[in-house]
Amino acid sequence: KSIMAVTVETLEKLERKITLTLPVGVIQSEVDARLKKLARTVKMDGFRPGKVPMNVVAQRYGYSVHYEVMNDKVGQAFSAAANEAKLRVAGQPRISEKEGAPEGEMTFDAVFEVYPEIIFGDLTTAEVEKISADVSDAAIDKTLDILRKQRRTFSQRAMDAAAQDGDRATIDFEGKVDGETFAGGKADDFQFLIGDGQMLKEFEDAVRGMKTGESKTFPLSFPADYHGQDVAGKQADFMVTVKKLEAAHLPEVNEALAKSLGIADASVEGLRSDIKKNLEREVKFRVLARNKAAVMDALVSKAELDLPNASVQDELERMITAARADLKQRGVKDADKAPIPDDVFRPQAEKRVRLGLVVADLVRANNLQAKPEQLKAHIEELSASYEKPQDVVKWYLSDNRRMAEIEGVVIENNVTDYVLSKAKVIEKEVSFDELMAQN
């Protein structure tokens, strides 16, 4: 019901001010009621419980109770006024008492921000690049190679055999810069695969062609961006001794390999189709993520709005807290005290808030909320790749936080479909390798 005429003053952009008036009597009677209730339970030295005189209770607790009541009453008055004026308030109001209120009244100024009106441009003029990608036979072959390499076996080579790519070499080495051994520059019985890119190219080139029992000294220049800071950009002299060479044997692509990988249809076709299914799931996920990002960029470019500082500030604090937690997890000392300047995250925080407001507005205006059957379908799709899909479905349904994440994804999918149905879509085929190369 309407109780008051609320005047809302616009300060700038999204900032507003409302003046609240409270009768002193209302505050006083609420304070008295709370102190009476407190007197029934409060314990004080020298008094039996419930027998402490009111004036003693008031003296001890009056200030804090008064403060609580003021907070509650001003808060309620603010909420009522904001509802009355149909305002969508962003963040917490800053409330200050005003001087010179009429007898028997208290007045307060509440300064706060509102959520912006969003003006959408014409979505039909937005250009969105929509990619698609196929899983090629070459991609399946490549994955098969990786699976075979993970299961390779080794056998010792003859003493006079020369080291070649694919061999596993066991070596002793010692490197010196200006005659001094450096950290990580010396090892015994060190194993590495020649041609695998695990060692620097000059190192691999030196070992290639050596025989078991041979030693060799060679110069090696560390690249300027080498991870070992103390030797980056310097030249070292290495001595290497080959102690053992083993030839690698990759398993054949046959039924035995399919069986060892636990493929239900243990045939080469079954193995290839299983790989294809897994790759297609990954491709679908990546394509969707890329297209979603393109849609969101297009959507934001077509929307005009002011950002509420309160929302940006909240997002900044969230991001800084997350950054600290990340540093702590990586073992950085005093991560919670590390100074993290706001401006590092501000552009990203503003971008997130802008996108959040724009998406919420579009969802509201076009009924793009997640429907129960969409949530169900999405959870089933996520669970399909597991051994016991039903258990995974239950795992999602049993937790509100997981369900909220699913709901967020479904809403984003709905927004993506909606924008793609309106915008100028430029279809583009990308290769499997290009798609996988991007983070």
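Largest mean-square fluctuation among 255, 427, 30, in a Gaussian network model of the chain whose springs join Cα atoms under 10 Å apart, belongs to 30. Taking every alpha-carbon pair under 8 Å whose residues sit at least 6 apart, the chain reaches a relative contact order of 18 percent. Multiplying the residue separation of residue 54 and residue 189 by 0.36 nm and subtracting their alpha-carbon distance yields 40.1 nm.
For the pair residue 293 and residue 343 in one chain, pulling the backbone fully straight at 0.36 nm per residue adds 15.6 nm over the alpha carbon distance.
Taking only Cα atoms, what is the 0 to 90° angle, nearest 10, from helix 54-84's long axis to the longest principal axis of the chain? Tilt of helix 54-84: around 70 degrees. In the chain, the alpha-carbon atoms span a convex hull of 307 Å³ per residue. Which pairs break 22 Å Cα to Cα here: 292/424; 130/302; 259/376; 276/371; 176/234; 17/351? The pairs that break the limit, which is 22 Å between Cα atoms, are 259/376; 276/371; 17/351.
Taking the protein heavy atoms of the stretch 38-130 in the context of the full set of protein chains, the accessible area attributed to carbon and sulfur is 48 percent at 1.4 Å. If you plug the beta carbon distance of residue 250 and residue 10 into 1/(1 + (r/R0)^6) with R0 = 60 Å, you get a FRET efficiency near 0.25. Here each label is just a point 7 Å from Cα along the line to Cβ, and for residue 136 and residue 76 those points are 7.1 nm apart. Pull out a ≥ b ≥ c, the square roots of the eigenvalues of the alpha-carbon gyration tensor of the stretch 335-389, then state rounded if a/c is under 1.5, prolate if not and a/b is larger than b/c, and oblate in the remaining case. Verdict is oblate for the stretch 335-389. Taking a ≥ b ≥ c as the square roots of the Cα gyration tensor eigenvalues, the stretch 277-385 comes out oblate, since a/c reaches at least 1.5 and a/b does not exceed b/c.
Rounded to the nearest 10 degrees, the inclination of helix 309-329 to the longest alpha-carbon principal axis of the chain is 40 degrees. Carbon and sulfur together cover what percent of the accessible area of the stretch 340-439 at a 1.4 Å probe radius? Carbon and sulfur: 52 percent of the exposed surface of the stretch 340-439. In summary, the stretch 1-91 shows an alpha-carbon radius of gyration equal to 1.51 times the 2.2 N^0.38 Å reference for compact globular proteins. Indicate the gyration tensor shape class of the stretch 44-123 (rounded, prolate or oblate), computed on the Cα atoms with a ≥ b ≥ c the square roots of the eigenvalues: a/c under 1.5 is rounded; otherwise a/b larger than b/c is prolate and the rest oblate. In terms of gyration-tensor shape, prolate. For the chain, the per residue solvent-accessible surface stands at 63 Å², with DNA, RNA and ligands left out and a 1.4 Å probe.
Placing dummy labels 7 Å off each Cα toward the beta-carbon, the span from residue 198 to residue 85 is 6.9 nm. Modelled label positions at residue 431 and residue 161, each set 7 Å beyond Cα in the direction of Cβ, lie 3.4 nm from each other.
Per residue, the average separation of C-alpha pairs within less than 8 Å and at least 6 apart gives the stretch 312-403 a relative contact order of 20 percent.
The values are calculated or read from the model by the stated rules, or taken from the named source; none is laboratory data. From a predicted model like this one, the values you see are computed outputs, not experimental measurements. In this analysis, Cβ positions are derived from the backbone assuming ideal geometry, glycine residues included, and neighbour counts consider all displayed protein chains. What goes into the accessible areas is simple: the full protein's heavy atoms, side chains included, and nothing from ligands, DNA or RNA. Shrake-Rupley method; radii C 1.70, N 1.55, O 1.52, S 1.80 Å.
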